Amino acid sequence: MTDAFLYGLMVLASAAAGAALIGIIAYVLIQSAGQMKLSFFFGPLQNSLVPMIVSTLWTVAASLAIALPVGIMTAVYRNEYARKTGFNRFLGLAIDILAGIPSIIYGLFGLLAFCRFFSLGQSIIAGSLTLSIMILPVIIRTSEEALKSVPDSFREGSLSLGATKFQTIVHAVLPPALPGILTAAILAAGRVVGESAPVLLTVGLARNLPKSVFESGRTLTIHLYYLTKEAIKPDDFALAFAAAAVLIVLVLIINTAVKIIGRSFGSKAGDIE
């Protein structure tokens, strides 16, 4: 009886989580239905969402390009090389502290360090450097769990065949762990897309179409914030919901693309095994 009751509670909790997601997406899409026109995307740049979409994609791509290599190498070092050293314990503490710092603090640091001290100004690269530091804990911790899930027999078998430690990590450890590492990329990308305070302080508010990461821009999150802040009439809120719908679709596309890549890598790793 107790098992059946607890099982029922778990089913209800799962259904509530799924219903919440479906309800939010459905509500946003319904509210934005009247504004989903071609002119909303491909009209004059001052009224189009294209600059905001491009700024968001630039920011996500640059942040992941900076943070993923650093995060993965840190996870490999902590899990494969320095498991019981004092430096590793200090590094774990530093990662936990980084994860707990409020995002506005990252924004102030990025504004002073990258925008002013390094003279990058308010630009996508300054925001990406700031966000890359902020998403490092997510990437490192998730990648560590992926590496820990690889059986030790993989390492022992590779080493027994004469492979070096580095060759073992590259050819025997990382391929099976890639799906988990790509999950870290999904989580990091989702956080980058959803952040506002650090982006506002470092990337800026310019509605221009950025041609490189050294230009300023306005991400969809910041654009949504200002549309909501300046909304007075119902049509103004409809525009904000339309921007929110585009943001949701963009996140779904990024997550789906990374999931497909992760499955392809996972199937290749299974073939190797």
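Read-outs throughout are calculated quantities, based only on the coordinates presented, and are distinct from any laboratory measurement. Just so you know, these numbers come straight off a predicted model, no measurement behind them. Heads up, the Cβs are rebuilt from the backbone with ideal geometry, glycines too, and the neighbour counts pull from every protein chain shown.
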Quick one: putting +1 on the C-beta of Lys and Arg, -1 on the C-beta of Asp and Glu, what dipole do you get for the chain around its Cα centre, in Debye to the nearest 20?
420
³J(HN,Hα), Karplus 6.51/-1.76/1.60, whole Hz, each residue of the stretch 112-121, x for Gly, Pro:
6, 7, 7, 6, 9, 5, 8, 6, 8, x
Explain nothing, just compute: Karplus ³J(HN,Hα) = 6.51 cos²θ - 1.76 cosθ + 1.60, θ = phi - 60°, for every residue of the stretch 6-13 in order, whole Hz, x for Gly and Pro.
5, 4, x, 4, 5, 5, 5, 4
Dipole of the chain, positive direction: furthest Cα of SER14, LEU239, ALA62, with charges on the beta-carbon:
ALA62
How much mean residue ellipticity at 222 nm does the chain get from its helices, if each DSSP H run of length 4 or more adds -39500 (n - 2.57) and you divide by all residues, to the nearest 500 deg cm²/dmol?
-24500 deg cm²/dmol
Let me see the pair-distance distribution of the stretch 111-210: every alpha carbon pair, 10 Å bin width, integer percents in order.
15, 31, 23, 18, 11, 2
In whole Å, largest first, the alpha carbons of the chain cover along the principal axes 69, 61, 34
Taking θ as phi - 60°, what are the ³J(HN,Hα) couplings along the stretch 65-73 by the Karplus curve (6.51, -1.76, 1.60), each to the nearest whole Hz, with x for Gly and Pro?
4, 7, 7, 4, x, 5, x, 5, 5
Where Cα atoms sit under 30 Å apart: lysine pairs in the chain separated by 8 or more or lying on different chains:
14
The extension gain from LEU209 to GLU156, computed as 0.36 nm times the residue separation minus the Cα-Cα distance, is 13.9 nm
Whole Å is fine, so just give me how far the alpha carbon centre of the stretch 57-120 lies from that of the stretch 156-217.
11
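Could you give the Stokes-Einstein D for the stretch 49-97 in µm² per second, using the C-alpha Kirkwood radius, 20 °C, 1.002 mPa s?
D = 167 µm²/s.
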Taking the chain as a Gaussian network, Cα atoms linked when under 10 Å apart, which of MET52, MET134, MET73 shows the biggest mean-square fluctuation?
MET73
Determine the principal axes of the Cα atoms in the stretch 39-170, then give the extent along each, sorted from largest to smallest and rounded to whole angstroms.
64, 33, 23
